[in-house]
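See structure below.
The values are calculated or read from the model by the stated rules, or taken from the named source; none is laboratory data. Source: prediction; values computed, not measured. Cβ placement follows ideal geometry from the backbone for every residue including glycine, while neighbour counts extend to all protein chains displayed.
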Ligand code: MOS
């Protein structure tokens, strides 16, 4: 095994794609163009449930420039009619099929696609499409439907169902001197990436298409298209080098992809379909979730019993599942724990993964309840958590691959100044504002996935690494550049990274915080394999100075192989390749998680979040003035992009805590606040100091490079820490998110 030549990994590096992004040179799905491009505009349905009785497209079709109006009555037959294809991340059930038949299953459902010579014509004509309906009674209110909640009959692939109960949670609860049972609620939320969902299908002729899709996994879209339309893989290439944020909305192919491809194949022409901001509220969302948490503790602050029950909304056609309650069995030591996770069917679209799916919901409940219990026990909330520190994963009985949470608590508390906290609520005040300090624990699964990558080296030292993963703003281009440069001993400026193209080596979607661990390891493995080929070529040269060298005696740096102990004995990559008659050297490698580790260990990232809020005593306005997030996430590849991931997650958590809420009018069965004026995400003025600490954590098991992933941990725990800080400031415990002014006053 050769020793990696580390120059770039672990050091702060600006994004290699940053300049392209800020200058507009980076091309997004709706910016690719083609000669003779036609434009599709979606007509969204107006009712929540029922049937379409008629669609009158005549006025739309009469408009000059309109090419076609697709509806369920005239849409082309597709392979979908005879298959029930489910994409890579689909939950159990039967995926929604746009324009499939006359049935309306949720409000906002696409009912027609108007295609015209230009966008404005398509949009104007869409307004002329007349749809009439027979309405049926709908149900979209989780509170009403929770009585009919059920345990999902089929497990969703990749999602752990609740663990088996341990001990006797109800008995221990009854016997505990300190008990608490409360309900904690989270409203539905929508992802709202900056870039709306969009697809540009370029008609290449002969039934072949190149598809530019806003997606977190190009091969997921490719597989979807080939299955749904019955096309062979060589006819469909999906190319999406840049993604303007995803947060999970781009994990599954969305209906605009289906509509754009359908129209392109039918018209034999290039077609673009872009969803409007309000149409971004007509597919997956973070489900509204009601948690009931019961805690029992003894007078010394040892947890005696935990019960976590949750019910979340899903659609009538899919059983969307995420991990909500399991966290309550793995975060702290407790011998008596039970879980219950149920779904309630609603007349909405199927919910979707949204940044750290499930975790910030379950952890909001657990970490709020822990704060309430600490207060009842007259214990410092941090001290209470330390007294119940979990040394192993008690859900499985497995040891952790690594867990530096204790150190995260320590460093976070020190940086924040937690020891100066006066534990009495409403005890800290400045001017007209009440000051509150709160904290919470965060936890997220650290995963790696099977991923392939190719490394191609030229004699002049240029290196290209390629993998069909994505960069949804996470910094993938940059860390892969760093890893490739170090692994093969070339400069970062000699490396180019190719991702976001279905023709590249196989990768899963970018999600689950697994990309750095997975694509990173694949790139490293491919580069290491290239080193073997280079050394082999060097050793076969006549009179090779490295003839008797073993791999670990050779340093690969600056485009040369040099004997570690004798710098005079060296061969350049160029000479080795020339001697072997190679114009380029291309190798591909595949990495997989270690099944032994997966079976015998648990792997999580952890965080300790400390928050200061200031609450206007008369107005109830909450400002988050200070956040310290101490994160234990294994090896940090790039402190700059890593910090940005955590800050992004914390901002997301601030939105979750204070502003983000998709509100339904249950009389209409419809989400009502479908624009950024009414769905509030934090703006710059809402964000003040956020400090990120990366706690050292050596993890040799989770992934080959010791990486655990950072995309999601930043949101977990943040909303709970804010709610706890608001309680500390005001004495008011708010158990439903978002914590709007009306709930604070
Ligand atoms: Mo993330 S919700 O896995 O994009």
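Mind telling me which of the residues 270, 305, 232 ends up being free of Cβ contacts under 8 Å to residues at least 12 places away in the same chain and either in contact with a helix residue (DSSP H, G or I) (Cβ under 7 Å, 6 or more places away or on another chain) or more than 13 Å from residue 214 (Cβ to Cβ) (or both)?
On inspection, the qualifying residue turns out to be 232.
Of 709, 714, which residue is under 13 Å from residue 650 (Cα atoms) and either at pLDDT below 95 or crowded, with 24+ Cβ neighbours inside 10 Å (or both)?
That would be 714, the only listed residue that is under 13 Å from residue 650 (Cα atoms) and either at pLDDT below 95 or crowded, with 24+ Cβ neighbours inside 10 Å (or both).
Scan 356, 344 and give me the residue that is within 16 Å of the ligand (Cβ to nearest atom) and either modelled with pLDDT of 95 or more or in a helix (DSSP H, G or I) (or both).
356
Scan segment 31-88 residue by residue and report those that are under 20 Å from residue 199 (Cα atoms), at pLDDT 95 or above and in contact with a helix residue (DSSP H, G or I) (Cβ under 9 Å, 6 or more places away or on another chain).
38, 39, 40, 41, 42, 43, 44, 66, 67, 68, 69, 70
Of the conditions (1) out of contact with any helix residue (DSSP H, G or I) (no Cβ under 7 Å at 6 or more places or on another chain); (2) farther than 16 Å from residue 608 by Cα; (3) away from the ligand (no atom under 15 Å from the Cβ), residue 338 satisfies every one except a single condition; which number is it?
The one condition residue 338 does not meet is (1).
Pick from 179, 155: which is surrounded by fewer than 14 Cβ atoms within 10 Å (Cβ to Cβ), in the same structural domain as residue 357 (by TED's automatic domain parsing) and more than 30 Å from residue 29 (Cβ to Cβ)?
155
Would you pick out the residues in segment 246-280 that are at pLDDT 95 or above, in a loop (DSSP other than H, G, I, E, B) and within 16 Å of the ligand (Cβ to nearest atom)?
247, 248, 249, 250, 251, 252, 253, 254
Could you tell me how many of the residues in segment 203-213 are modelled with pLDDT of 95 or more and touching a helix residue (DSSP H, G or I) at 6+ places or on another chain (Cβ under 8 Å)?
5
Could you please let me know if residue 724 is more than 16 Å from the ligand (Cβ to nearest atom), touching a residue at least 24 places away in the same chain (Cβ under 8 Å), in the same structural domain as residue 362 (by TED's automatic domain parsing) and under 23 Å from residue 516 (Cα atoms)?
In short, no.
Looking at segment 450-464, is at least one residue within 16 Å of the ligand (Cβ to nearest atom), crowded, with 24+ Cβ neighbours inside 10 Å and within 17 Å of residue 628 (Cβ to Cβ)?
Scanning segment 450-464, I find no residue that is within 16 Å of the ligand (Cβ to nearest atom), crowded, with 24+ Cβ neighbours inside 10 Å and within 17 Å of residue 628 (Cβ to Cβ), so the answer is no.
Select, from 374, 413, the only residue that is touching a helix residue (DSSP H, G or I) at 6+ places or on another chain (Cβ under 9 Å) and either under 23 Å from residue 176 (Cβ atoms) or in a loop (DSSP other than H, G, I, E, B) (or both).
On inspection, the qualifying residue turns out to be 374.
Name every residue in segment 215-238 that is surrounded by 20 or more Cβ atoms within 10 Å (Cβ to Cβ), over 20 Å from residue 97 (Cβ atoms) and more than 13 Å from the ligand (Cβ to nearest atom), in order of residue number.
218, 219
Could you list, in sequence order, all residues of segment 457-470 that are in a strand (DSSP E or B) and either at pLDDT below 95 or within 30 Å of the chain's Cα centre (by Cα) (or both)?
463, 464, 465, 466
Just to check your reading of the model, which residue among 297, 312 is within 16 Å of the ligand (Cβ to nearest atom) and within 22 Å of residue 442 (Cβ to Cβ)?
Just a single option satisfies the conditions, and that option is 312.
So that you can scan it fast, the table gives a plain yes or no per residue for (1) in contact (Cβ under 8 Å) with a residue 24 or more places away in the chain; (2) buried (at least 20 other Cβ atoms within 10 Å of the Cβ):
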position: 658; (1), (2): yes, yes
position: 663; (1), (2): yes, no
position: 683; (1), (2): no, no
position: 689; (1), (2): yes, no
position: 729; (1), (2): yes, yes
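Limited to segment 342-356, what total is found for residues that are closer than 18 Å to residue 160 by Cβ and out of contact with any strand residue (DSSP E or B) (no Cβ under 8 Å at 6 or more places or on another chain)?
Here the count works out to 1.
I'd like the full set of residues that are in a strand (DSSP E or B), surrounded by 19 or more Cβ atoms within 10 Å (Cβ to Cβ) and within 40 Å of the chain's Cα centre (by Cα), limited to segment 562-586.
The answer is 585, and nothing else.
Among 516, 521, which is away from the ligand (no atom under 14 Å from the Cβ) and under 24 Å from residue 605 (Cα atoms)?
521
Yes/no per residue for (1) at pLDDT 95 or above; (2) more than 30 Å from residue 446 (Cβ to Cβ); (3) under 24 Å from the mean Cα position of the chain (by Cα):
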{"site": "619", "(1), (2), (3)": "yes, yes, no"}
{"site": "628", "(1), (2), (3)": "yes, no, yes"}
{"site": "646", "(1), (2), (3)": "yes, no, yes"}
{"site": "652", "(1), (2), (3)": "yes, no, yes"}
{"site": "655", "(1), (2), (3)": "yes, no, yes"}
{"site": "674", "(1), (2), (3)": "no, yes, yes"}
{"site": "687", "(1), (2), (3)": "yes, no, yes"}
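Looking only at residues that are part of a loop (DSSP other than H, G, I, E, B) and more than 16 Å from the ligand (Cβ to nearest atom) in segment 489-513, which one is nearest to residue 444 (Cα to Cα)?
506
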